[in-house]
1. Tell me, what is the FRET efficiency for S162 and K16 to the nearest 0.05, using R0 = 41 angstrom and their Cβ-Cβ distance as r?
2. Of T48, T115, how do they rank once you tally other Cβ atoms within 10 Å and put the fewest first?
3. Roughly how many whole Å is it from the C-alpha centroid of segment 62-123 to that of segment 148-213?
4. So how much slack lies between D69 and T48, counting 0.36 nm per residue of separation and subtracting their Cα-Cα distance, in nm?
5. Distance in nm between label sites at M117 and A101, each 7 Å beyond Cα in the beta-carbon direction?
6. For the pair L205 and F183, how long in nm is the line joining their label points, each one 7 Å along Cα→Cβ?
7. So how do 133-144, 51-62 stack up, highest first, on mean other-Cβ count within 10 Å?
8. Rounded to the nearest 500 deg cm²/dmol, what is the calculated helix-only ellipticity per residue at 222 nm for the chain, with -39500 (n - 2.57) per DSSP H run of length n ≥ 4?
Amino acid sequence: MIANILLYDRKPLPHKVTIMTGGSSPPPQIISRMKELGFGVNHLYGLTETYAAGTYCLWKPAWDSLPSDERYILKSKQGVQHLCVEEVDVRDSITMKKVPANGVTMGEVMFRGNTVMSGYLKDIKATDEAFRGGWFHSGDLAVKHPDGYIEVKDRLKDIIISGGENISTVEVETVLYSHPAVFEAAVVARPDNHRGETPCAFMKLKEGFHVSS
C-alpha cells in the first residue's frame, strides 16, 4: 500500500527509515518504489517453526555499483543463514542431498538448530513428517546461488506443473509487477486438459488504469 501511494499524497520523510520485511518474497519493483519514498528495505526469511528469521539478505558493498534493477533483484533474495540458526540449507526433499549451488537446481529449504521448534503439539505424525532426515522441512522451494545466497522460488504446494515443466508463481508475479498499471498480483494454478495445469493470474490495477477489451 505504501509503495503504491499516489504522487499527490506523497510526503518527504525527514530521514531515511529502515524497515524489515518477511513473508512472501518482495517483488524488486516494490523495493524500488519503497526506496524512492525514503525507506531502506531489509529482507528476512523464516517461519513460525524457526522462531522467525532464519536467513537475512546481507548486502554486499560490491553490489553498490550494479544497475538499480539488478540491485533490487539481489535485495529480494532470502539471503544467507542468520546468526541465531545453526544450519540452513537447500536439499532434495527425497534424497536429502544438497542441491548444487548453481542458481538453477531447486530443492527444499531446510533448517536445524536450537531455534527450530521441537515439534507440533500432540501431533506426532506431522512432527515426524516435518523432521524427515533430521532437518526441519520448510515446504519452500528454492535455489542456492554460487555465493551461498538462497532464493525462494515458490511454496512446494504452490508450484505449477504444466506439461512437465515447473513454473514458479513468484517469478510470474514479479513479471506482472513490472507493468506500471499493476497494483497487486497473485498467481495460482488452474486445471488444464492438455497440460495438467496452467498459470492463472488475478490482478488489481492502480487508480486511473482500466482493462481494455
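1. 0.45
2. Sorted ascending by nearby Cβ count, the order is T48, T115.
3. The two parts, judged by their Cα centres, are 22 Å apart.
4. Full extension from D69 to T48 adds 4.4 nm.
5. A separation of 3.0 nm, rounded to one decimal place.
6. Each label point lies 7 Å from its Cα, and together they span 1.1 nm.
7. On the way: 133-144: 19.8, 51-62: 16.2.
Result, highest mean first: 133-144, 51-62.
8. The helix-only estimate for the chain comes to -4000 deg cm²/dmol at 222 nm.
A short reminder: the numbers here are calculations on the coordinates, not readings from a lab. Keep in mind it's a predicted model, so treat the numbers as computed, not measured. For neighbour counting, all protein chains shown are included, and Cβ atoms are generated from backbone atoms with ideal geometry for every residue, glycine included.
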